[in-house]
Amino acid sequence: MIRTSKIAIVGAGVAGIALAILATKRGCQVSLFERGSTVSSMGAGVTLWPNAMFVMQQIGLDKEVKRMGGAPGTMRQFDRHGVLQTEFDIMAVNSLCGFPSVTVLRRDLMSLLAGALDDLGVKIKFDCSITAADVTKLSQEFDLVVGADGRMKSVVRQALYAEKVTPRYHGFVNVVGVSRQREGALDNAIHDFRGLGERFGIVPVNDGWCYWAGAWNAAVDRERSGAHWYEELNQRFRDWPDPVQNVLQSCDRASVNRIFVHDIDPLPYWHQDNVIIIGDAAHAPLPTSGQGACQALEDAWHLARLLMETDELEVALQGFYQQRNVKTSAAQLVGRQVAKKIFSEQPEPLLPASHISATELSQFWMQGLK
């Protein structure tokens with residue numbers, strides 16, 4: 001076991017809090033720094049596929065998240081007129097993986113993680129804007145410094161790379177939100193509607209709640225207000241099928257958010273000395289990968305495990321990169337491929353859909369786990 005008794009984590013997102021919980025349970029002294037004034041719930045919801053639920057079980061929160069979340073049985077892809085194109089059996093993959101898939105509102109997931117950390121006696125240090133100089137100081141005060149500070153402005157990533165790592169914009173905006181409808185309106189299925197350069201996805205959770213995202217090609221424009229983007233969302237999708245109209249009409253306006261969708265290119269390394277990046281700071285994928293939060297959770301579990309199992313810090317951190325890089329790069333690639341199909345100027349026809357089998361997908365998701 002490495003003598004990494006003191007760990008500083010920068011960023012109280014999914015990866016940061018999950019690592020803080022796992023490391024604390026293993027006897028480490030954790031300090032968690034967050035630039036915001038509260039735990040962020042940016043983004044409407046999260047699908048925790050079986051690989052993420054494996055980690056939630058390791059954390060000890062699988063039963064709680066299942067109680068608060070939904071359990072979709074199928075994923076259905078439609079054209080913009082509501083004609084069914086493909087159907088994917090989520091239950092079959094769950095069975096092969098040995099873990100369920102759970103959909104949850106992001107605010108509920110973050111509240112659950114933050115509550116578990118608080119129960120362990122770890123207080124998040126809010127309103128802490130860490131600078132590159134602070135990263136150096138932390139690396140002298142702590143045995144390990146972990147950057148879990150996000151895709152767009154990771155200060156810890158900036159400290160590792162002399163040349164700035166610039167997130168790549170893929171030309172489309174996501175307007176996301178949460179709605180509440182009558183129970184069973186979505187038939188316990190994830191709905192994915194696709195048009196020419198446009199997409200609308202709806203994910204049921206429970207008790208009539210669902211989260212959704214409308215996406216289309218757009219230039220980055222941070223001057224336009226959220227109200228303008230919401231108005232454009234309603235205009236663009238005004239004649240799309242009934243499930244889309246229903247969530248737009250019943251949406252919680254306070255939950256609506258505009259996200260210019262970026263990812264980062266795979267990086268050649270994630271650590272130097274005793275400073276490492278994880279989660280979106282290290283390998284942010286597009287939301288079309290469906291694996292952002294899942295891979296962040298995997299990172300937390302793998303890193304905590306390697307720190308306990310390996311005698312030398314450098315060996316543990318290098319081993320972490322070698323174990324995780326192939327899988328996270330694959331998730332990034334899948335996200336880009338799906339986005340290209342939907343948002344490129346000459347999108348591929350909807351049919352035939354990807355022919356990845358339930359067996360292949362389960363093998364990919366559970367790779368490196370158990």
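The values are calculated or read from the model by the stated rules, or taken from the named source; none is laboratory data. Keep in mind that what you see is a predicted model, and the values were worked out from it rather than measured. Here the Cβ positions follow ideal geometry from the backbone for every residue, glycine too, while neighbour counts run over all protein chains shown. When the accessible area is computed, the model is the full protein with side chains, heavy atoms only, and any ligands, DNA or RNA have been set aside. Shrake-Rupley method; radii C 1.70, N 1.55, O 1.52, S 1.80 Å.
Simple point charges give the picture: +1 on the Cβ of Lys and Arg, -1 on the Cβ of Asp and Glu, and for region 120-248 a dipole about the Cα centre of about 280 debye. Within the listed set Ala162, Ala215, Ala114, the Gaussian network model of the chain (springs between alpha-carbon atoms below 10 Å) gives the highest mean-square fluctuation for Ala162. Taking all protein chains as shown and a probe of 1.4 angstrom, Trp49 keeps an accessible surface of around 20 Å². Would you list, by chain and number, the aspartates and glutamates whose Cα falls below 15 Å from the Cα of Lys25, excluding same-chain residues fewer than 8 positions away? Once the sequence-local aspartates and glutamates are set aside, what remains near Lys25 is Asp118, Asp119, Glu309. Straight Cα distances below 13 angstrom link Lys340 to the aspartates and glutamates Glu198, Glu348, with same-chain residues fewer than 8 positions distant left out. Projected over every direction and averaged, the convex hull enclosing the alpha-carbon atoms of region 124-165 yields 3.3 nm². Taking the DSSP beta bridges with both ends in the chain, the antiparallel portion is around 65 percent.
For region 226-292, what does the accessible surface come to per residue with a 1.4 Å probe? Please give it in Å². Walk me through the numbers on the way to the answer.
Values: 2730 Å² over 67 residues.
Result: 41 Å² of accessible area for each residue.
Solvent-accessible area of the chain (1.4 angstrom probe, protein heavy atoms only): carbon and sulfur portion equals 50 percent. Computed over region 93-247, the Cα gyration tensor eigenvalues convert (square root of 5λ each) into semi-axes of 36, 24, 15 Å, ordered from largest to smallest. Rg/Rh for region 1-63: what does it come to with C-alpha atoms and Rh from Kirkwood? Answer for region 1-63: 1.00.
Taking the square roots of 5 times each eigenvalue of the Cα gyration tensor of the chain, largest first, gives ellipsoid semi-axes of 34, 22, 20 Å. Against the main long axis of the alpha-carbon atoms of the chain, helix 226-236 sits at an angle near 40°. Against the main long axis of the alpha-carbon atoms of the chain, helix 313-343 sits at an angle near 10°. The convex hull around the C-alpha trace of region 1-133, projected and averaged over every direction, spans 11.0 square nanometres.
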